1. If you take the residues of region 129-142 that are surrounded by fewer than 16 Cβ atoms within 10 Å (Cβ to Cβ) and not acidic (Asp, Glu), which of them is nearest to GLY176 (Cα to Cα)?
2. Does GLY42 fit the bill of being out of contact with any Lys or Arg (no Cβ under 8 Å at 6 or more places or on another chain), within 27 Å of ALA134 (Cα to Cα) and not aliphatic (A, V, I, L, M)?
3. Answer with yes or no whether LYS257 is surrounded by fewer than 19 Cβ atoms within 10 Å (Cβ to Cβ) and either in contact (Cβ under 8 Å) with a residue 12 or more places away in the chain or within 24 Å of HIS69 (Cβ to Cβ) (or both).
4. Select from region 218-243 the residues that are loosely packed, with under 14 Cβ neighbours inside 10 Å and within 20 Å of ALA10 (Cα to Cα) and list them in ascending order.
5. Of the residues that sit in region 135-145 and are of a type outside the set (Asp, Glu) and part of a loop (DSSP other than H, G, I, E, B), which one is farthest from LEU120 (Cα to Cα)?
6. Criterion first (touching a residue at least 60 places away in the same chain (Cβ under 8 Å) and over 18 Å from the mean Cα position of the chain (by Cα)) does SER154 satisfy it?
7. Within region 121-134, which residues are free of Cβ contacts under 8 Å to residues at least 40 places away in the same chain and either closer than 19 Å to GLU145 by Cβ or hydroxyl-bearing (Ser, Thr, Tyr) (or both)?
8. From MET26, MET76, which residue is more than 23 Å from ILE182 (Cβ to Cβ), in contact with a strand residue (DSSP E or B) (Cβ under 9 Å, 6 or more places away or on another chain) and of a type in the set (A, V, I, L, M)?
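The values are calculated or read from the model by the stated rules, or taken from the named source; none is laboratory data. Just so you know, these numbers come straight off a predicted model, no measurement behind them. Positions of Cβ are generated from backbone atoms using ideal geometry, with glycine treated the same way; all protein chains shown enter the neighbour counts.
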Amino acid sequence: MSEITFLGTAGGRMVVTSQLRKSGGMWMVLNGKSILLDPGPGSLMRSVELGFQPGRLDCIVLSHKHIDHSNDINIMIEAMSGGSFRPRGVLIVPRDALEGDDPVVLKYVRSYIRNNIKILAPGFKWSLDGVEIAVASAMVHADVEDYGLKFIFSGKTLGYIPDTKLFPGLPAAFKGCDYLIINMVRITHDARFEHLIPEDVIKVLRVAKPKVAILNHFGMQVVKADPDAVAQRIETTTGVRTIAAADGMRFNLDTGKAVVASTIDSFI
């Protein structure tokens, strides 16, 4: 079974810091491999609450180093390695998460995975026992390296558009996805913030045409507007099945069905 669980759906500083919605990223099981994507604040706690065993993680992937995506990356590396006593696992991150003035991956935890670190860059492709992880495109977001991703497994493709503004080439980069997760933080544009709004998502979906789009990472504007209502408007406009993720939602990538629950059975 291949499945993705949304540990939390908070996006934007106010929703994350107030925990109006939970945060923590996404736990994916693809072809039997457990992959944690963007482990933001609360990732460890939410993983355990929802029945996962962090010590069985195989890989951690970081799209960009902003705190709402990376806050728990070090503790999850430690958890993946059994508290450092069982060095294992793979870390996939942009270069600026490791270097420069503000590296978010602490140097001492890198030895816990035997420095098994892959660096995201345009054209990146790497296979984890039959799960291909590839960069679809560099994103445009503030002053950090930021990458949109594709996960290819069992004849299916799961795309992920993290925080970014709309730019030429973004929609086409995600053609061919069966499922496409899109971070949509805002309802209206603000020059101070580089985030997608519903009208941007509509433009993406009209070109990318995934079978299912899943909206995620909601800021205060989206929460107040009701993510489900926004998703329905996007679906009506584009004809693409569109779902608003919920905290703890499980999406089965084999059946296309979503279930929201406070706890889940461990399947790893």
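1. Filtering region 129-142 down to residues surrounded by fewer than 16 Cβ atoms within 10 Å (Cβ to Cβ) leaves 129-130, 132, 140, 142.
Within this subset, residues satisfying the condition of being not acidic (Asp, Glu) are 130, 140, 142.
Working: GLY130: 18, VAL140: 21, ALA142: 27 Å.
Among those residues, the one meeting the criterion is GLY130.
2. Here the answer is no, as GLY42 does not meet what is asked.
3. On the way: surrounded by fewer than 19 Cβ atoms within 10 Å (Cβ to Cβ): yes; either in contact (Cβ under 8 Å) with a residue 12 or more places away in the chain or within 24 Å of HIS69 (Cβ to Cβ) (or both): no.
Criteria not met by LYS257.
4. LYS224, ASP226, ASP228, ALA229
5. ALA142
6. yes
7. Within region 121-134, ALA121, PRO122, GLY123, PHE124, LYS125, TRP126, SER127, ALA134 meet the criteria.
8. Going through MET26, MET76 in turn, the sole match is MET76.
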